[in-house]
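The values are calculated or read from the model by the stated rules, or taken from the named source; none is laboratory data. Keep in mind it's a predicted model, so treat the numbers as computed, not measured. Here the Cβ positions follow ideal geometry from the backbone for every residue, glycine too, while neighbour counts run over all protein chains shown.
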Amino acid sequence: MRNREKWEPSKFVYRKGRLIASRDRKEVGVSSRLITDLVANFYDNNLKKFARGKLLDLGCGKVPLYESYKNHVTDNICVDWENSLHKNNYVDFKCDITKSLPFPEMEFDTIVLSDVLEHIPEPEILWKEMFRLLTPGGRVIMNVPFYYWLHEHPHDYYRYTEYALRRFVKISGMRLLYLDSIGGAPEVLTDVFAKNCIRLPVIGRKLAIFSQWLTLFFIRTRYGKRFSDTTKKNFPLGYFLVAEKYS
């Protein structure tokens, strides 16, 4: 990663030893705090388990996950689009992620792909590239949205079910290590509400913040967690996945 010594947290920050969404509105919109908190929790729990060796942060943006994986890998290479909306000084390579990537075979032990796959018009090409770049036993660690608004127009192409994700893993020659839904019906309803009520004058931002806080509190209760868990199969806010290249 370029300018490693100048890196600063952006989308994700650590608070009391836990990775959460930044409360800086320039980094995370007020109405996106809930889903970003949920995604942060998945990465915080799983990067320490699955990340290792030389890591490729693909579609890296401002490299928001660096603090989470830096102590578990030997090196990190950051790649982003040439026309990325997330301009920064940390990128090692700027290229078209939809095409062949400028690295030799079996170059990386870990690939992180956070909120990227939905922006790839021909996803099979990227899956084949990730397989090519991974060492035997190397892992892909990624998340995608599902019940989520369109973003980064006009380059938002797909929403994937768990069955599509399982198929990608299988046809790319990998095996699935971990797949889980990010949130269920309470989280979906709250995200939709927050992203629309924020348009209201005067009270919109406060309503968005309060509704997301209330849902986070609710899903941490026994009943709320059970409600989220029983609905996430059919109403996932997103998915988190870890796949491994056969050794």
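Listing for the model above:
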quantity: V30, sole failed condition from (1) of a type in the set (A, V, I, L, M); (2) buried (at least 20 other Cβ atoms within 10 Å of the Cβ); (3) more than 16 Å from the chain's Cα centre (by Cα); calculated: (2)
quantity: Residue match in region 176-186 (condition: over 23 Å from K233 (Cβ atoms), of a type outside the set (S, T, N, Q) and touching a Phe, Trp or Tyr at 6+ places or on another chain (Cβ under 9 Å)); calculated: no
quantity: Flag if D115 is farther than 15 Å from A243 by Cα, of a type in the set (D, E, K, R) and surrounded by 20 or more Cβ atoms within 10 Å (Cβ to Cβ); calculated: yes
quantity: Any hit, region 119-139, residues being among the β-branched types (V, I, T) and under 24 Å from D37 (Cβ atoms); calculated: no
quantity: Criterion (surrounded by fewer than 16 Cβ atoms within 10 Å (Cβ to Cβ), out of contact with any Pro (no Cβ under 6 Å at 6 or more places or on another chain) and closer than 24 Å to L47 by Cβ) met by exactly one of P136, P154; calculated: P136
quantity: Residues of region 47-103 satisfying the condition of being hydroxyl-bearing (S, T, Y) and either over 17 Å from R139 (Cα atoms) or under 18 Å from the mean Cα position of the chain (by Cα) (or both); calculated: Y66, S68, Y69, S84, Y90, T98, S100
quantity: Flag if R167 is crowded, with 17+ Cβ neighbours inside 10 Å, among the basic types (K, R) and without any contact (Cβ under 8 Å) to a residue 60 or more places away in the chain; calculated: no
quantity: Output for region 74-92, where each listed residue is touching a Cys at 6+ places or on another chain (Cβ under 8 Å), surrounded by fewer than 16 Cβ atoms within 10 Å (Cβ to Cβ) and free of Cβ contacts under 8 Å to residues at least 60 places away in the same chain; calculated: E82
quantity: Checking S100 against (1) in contact with a Cys (Cβ under 9 Å, 6 or more places away or on another chain); (2) farther than 28 Å from P186 by Cα, the condition it does not meet; calculated: (1)
quantity: Single residue of Y147, Y178 found to be modelled with pLDDT of 95 or more and assigned to a strand (DSSP E or B); calculated: Y178
quantity: Members of region 1-27 found to be in a loop (DSSP other than H, G, I, E, B) and in contact with an Asp or Glu (Cβ under 9 Å, 6 or more places away or on another chain), listed by number; calculated: M1, R2, W7, P9, S10, K11
quantity: Residues of region 195-220 satisfying the condition of being touching a residue at least 40 places away in the same chain (Cβ under 8 Å), within 19 Å of A40 (Cβ to Cβ), hydrophobic (A, V, I, L, M, F, W, C) and touching a Ser or Thr at 6+ places or on another chain (Cβ under 6 Å); calculated: A208
